[in-house]
1. Looking at this structure, is Val65 closer than 27 Å to Ile11 by Cα and without any contact (Cβ under 8 Å) to a residue 40 or more places away in the chain?
2. Looking at (1) within 16 Å of Ile136 (Cα to Cα); (2) in a helix (DSSP H, G or I), find the lone condition where Glu17 falls short.
3. Need at least 2 residues that are of a type in the set (D, E, K, R) and surrounded by 12 or more Cβ atoms within 10 Å (Cβ to Cβ) per element, so show me which strands (runs of 3 or more DSSP E) inside the range 26-128 make the cut, counting only ones lying wholly within it.
4. From Gly103, Gly87, which residue is within 18 Å of Arg130 (Cα to Cα) and small (Gly, Ala, Ser)?
5. Among the acidic types (Asp, Glu) and closer than 15 Å to Arg4 by Cβ: is that true of Asp112 in this structure?
6. So which of Pro88, Pro76 ends up being under 20 Å from Ile54 (Cβ atoms) and more than 15 Å from the chain's Cα centre (by Cα)?
Amino acid sequence: MIYRLERTTVIPRDREEVFGFFSEAANLQRLTPPFLDFRIVTPQPISMRAGTLIDYQLRLFGIAVRWRTRIEEFVPVSHFVDVQLSGPYRLWHHRHEFESVPGGTAMRDCVDYELPLGPLGSLARALFVRRTLDRIFDYRTAAIQEIFR
């Protein structure tokens, strides 16, 4: 089963500045909670464009995980999409959208994801994956608000 997580954060900056921040791969570490022990493995700087591959290491529930994503779409100042090529999910499709709104920029995260293991994956989502994703994106929102205040 494919699930969707959506979040919108209004950032009091213009769209060019906000897009520039989010399209800089190194900033992802600033937006990721410490409990994930997240780090980018790909040598930096990373040139963001369609086709860019990015490798990460993190810890999920105490287990070391390697994750590889590819930037599927990259439209400056509008949006970009990353998809998981290998990692903990059966499917991970993350669209980042940027829209000018009164008072700044609305940054939208829309993540479609599917867990492996069929019914066991659905059980894992109900027991802890959904809460963990909410915790990760809550941290992300708080970090964004702190960085752009």
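1. On the way: closer than 27 Å to Ile11 by Cα: no; without any contact (Cβ under 8 Å) to a residue 40 or more places away in the chain: yes.
Against the criterion (closer than 27 Å to Ile11 by Cα and without any contact (Cβ under 8 Å) to a residue 40 or more places away in the chain), Val65 does not qualify.
2. Unmet condition: (1).
3. Ranges flagged: 53-60, 63-75, 91-101, 104-114.
4. Gly87
5. Considered against the rule, which asks whether it is among the acidic types (Asp, Glu) and closer than 15 Å to Arg4 by Cβ, Asp112 comes out as yes.
6. Numbers: Pro88 fails: more than 15 Å from the chain's Cα centre (by Cα).
The conditions single out Pro76.
Conditions (1) at pLDDT below 95; (2) among the hydroxyl-bearing types (Ser, Thr, Tyr); (3) farther than 25 Å from Gln145 by Cβ, marked per residue:
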| site | (1), (2), (3) |
| --- | --- |
| Asp14 | no, no, no |
| Glu17 | no, no, no |
| Phe61 | yes, no, yes |
| Glu72 | no, no, yes |
| Tyr89 | yes, yes, yes |
| Ala106 | no, no, no |
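The values are calculated or read from the model by the stated rules, or taken from the named source; none is laboratory data. If you're wondering where the values come from, they're calculated on a predicted model, not measured in any experiment. Reconstructed Cβ throughout: ideal geometry from the backbone, glycine too, with neighbour counts over all protein chains shown.
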